[in-house]
Structures are given as C-alpha cells and as structure tokens.
C-alpha cells in the first residue's frame, strides 16, 4: 500500500467513537479491506477540521496499535459519509471543492420532491414513478378521488419516520400513522369526509408529499421492496454493488429495518412468484436503478454512492420509491450478504482511487 490517503468524512458523534471501535452503521474494517484492495490508505476526518488552503489535517488512521489520531496530508480525494442539515456545512463543502479538493457525495441530503422532479423529466423512468404532489388538504382530497391507497411522507426524512398511509375501506378511509415521528407505535383512525386532525396538523407544520401507493408484491402476505446499492467503482462507472430485500413485519406497511422489517434475498421472495424469472426480474431492477443514478448524476454534482428503494409489482415491473443519498448499507449486513456488504465499501474506495489516478493528485 502506498502513502496516498483517501479521506472519509464522518459526523462528529461517530468520529469520537473511533478509538473504541463503536461506530455503529459504519464498518471501519470494511474500509481497511477496501484500502488494501485498491492500494490506498483510508483516513477518517471531520468536516470542521477541513478548510481551503491547509496542507495537513488531523485524522484517525489504522496502525498496529489500533486507530491513532495524527496529522496527515490533506487527502486529494474525499468521500463524504457525514450527514448535515445546515447551510454552513454545505457552504464549507462547496468552498473545499472550489479550492481543488475532490469530494464525492459532498452533499447527500436532497428533498424527495427534488429527486422526483429530476426523474420525472426522463421519459424512460417516468412510468416507474408514483404520481407525487405536495401534500395540501386540497391535493390530498383530489388524490383520494383518483386512488384507493395513498402514502403521505415528509419531504425530508429517513428510516420511515413520519410516513402515513391512507386506505379506502368500503365507504370510509383509514389513516395509519405513528404517534410521533420517532415512534414505532402506530395508530389507525377511520373517517368519511373530514380529514383527521393529526394529518392536517402534520402537513401544515412540515413539508409533506402525497403520492400514489404502489401495489407492492408481497412475501408471506407482507409487502417488500428492494434496497439497491448503486455506486461508482474503480473504472468510474456506475454499477450495482448489491440488492437486498426488505420485508415489512406483519400488519405493517413500512419495510424499513428501523420499523421492524426483515431482510431476505431476492431469489427467496420470488419463490412465491413462479411466473417471474429471477434473472430477468433482477435485470429489470438493475436497469432502472442504473438509469436513475445516471439521470441524477447529470444534475447533482459529484454523486457517486446512493441507495435506492425499488419495489416490484406482481408482474415484476420495477417501481421507484425513493433515493437515499447516504446509504447506511446495513440491509446487506442484516441479510448476511457479506460479499455485497463489503462491496458497498470497496466500490467507493475504488472510485476514489480512480479519481486519484485521473487528476486527483
């Protein structure tokens, strides 16, 4: 391994835990394997320690004594794995890029409506998108005349927080919602005409979207969707690092692991659909996922690592659900897909090596 460093930006909370090895959703050992594979040295840094013009930065680097914090040359190429919500962080990243640093996935927090609107412009992707509009009482009522099932979700959220479902049941509607945005405890309320107060309050206090609810295929009677890791690799091209199936727990419509979902392989769940060819179904999912990545990367600068949620219906048609700008990769670990889990780390490090070899140093 040579002395070229690849920077990994982590949030402060994870950065502080590096010496103890408790970094939760990040696997430092997988980064080290990827570094050896591609002949570079991963180092772990904080965004607040970086500024234009500096020549060195304090970073954690693996040694024979574990992870030690030391001064290293500022990496020419950096992968942002931090998640930030304020304009100051975005401005800092933009200044670093203007100063000559190559930071991929520099900004990874995009509103769901922004992603939807970008994809809607592509005629080939458009049939795979749910009808989606800003959630107002007027828009919700209109959508209720068009569809029997709707999803109402925050424009900016993750791991299923805040998502509600409206379902027509006979001559009434039922709202399924969590009692708080961080709670897994859900309630249902039935109504006929007036929208429930909890629904109205939430869409007025936070930016929400309302969208057509896809008729997802089911496994053992439970809906499932796919987490597709789409990343640039050592050749600079987009490729699929892995596909994991997330299955909702009984009587829940959300498939997120944080909401009690479980992970299976695609072949296992397709066993309930003998009319679907697993190879062809996977190919259709991969084709859509790569098209989405290509489309988004035309508009979102330095995009190189995303996790897509893609459903399929009973006919095997892939259905786009949403894009995660910072894929936690945990689905592959939970599903014991260890080869794919490692690949989700190796691909970005390979892409960093590609950038280093093509003008990054």
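Values quoted throughout were computed directly from the atomic coordinates according to the rules given, and no laboratory measurement underlies them. No experiment lies behind these values; they were computed from the predicted model shown. Ideal geometry is used to build each Cβ from the backbone, glycine not excepted, and the neighbour counts take in all protein chains shown.
Structure above, values below:
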read-out	value
Cα centroid separation - region 163-205 against region 287-350, whole Å	30
Cα centroid of region 246-276 to Cα centroid of region 70-141, whole Å	28
Modelled FRET efficiency - R0 41 Å, residue 339 with residue 117, Cβ distances, 0.05 increments	0.70
Three-way shape label, region 249-321, alpha-carbon gyration tensor, a/c 1.5	oblate
Ranked packing of 60-70, 234-244, most packed first, by mean Cβ within 10 Å	234-244, 60-70
Over the chain: Rg over Rh, Cα atoms, Kirkwood Rh	0.99
Fraction of beta bridges assigned by DSSP in the chain that are antiparallel (%, nearest 5)	85
Anisotropy class of region 5-108 from Cα gyration tensor, a/c 1.5 cut	prolate
Three-way shape label, region 132-212, alpha-carbon gyration tensor, a/c 1.5	oblate
Among 331, 99, 149: highest mean-square fluctuation, GNM of the chain, C-alpha pairs under 10 Å	99
Mean Cβ neighbour count within 10 Å, used as a protection proxy, ranking 76-88, 14-26 highest first	76-88, 14-26
Helix-derived mean residue ellipticity, 222 nm - over the chain, DSSP H n ≥ 4, -39500 (n - 2.57), to 500	-9000 deg cm²/dmol
Mean Cβ neighbour count within 10 Å, used as a protection proxy, ranking 318-324, 157-163 highest first	318-324, 157-163
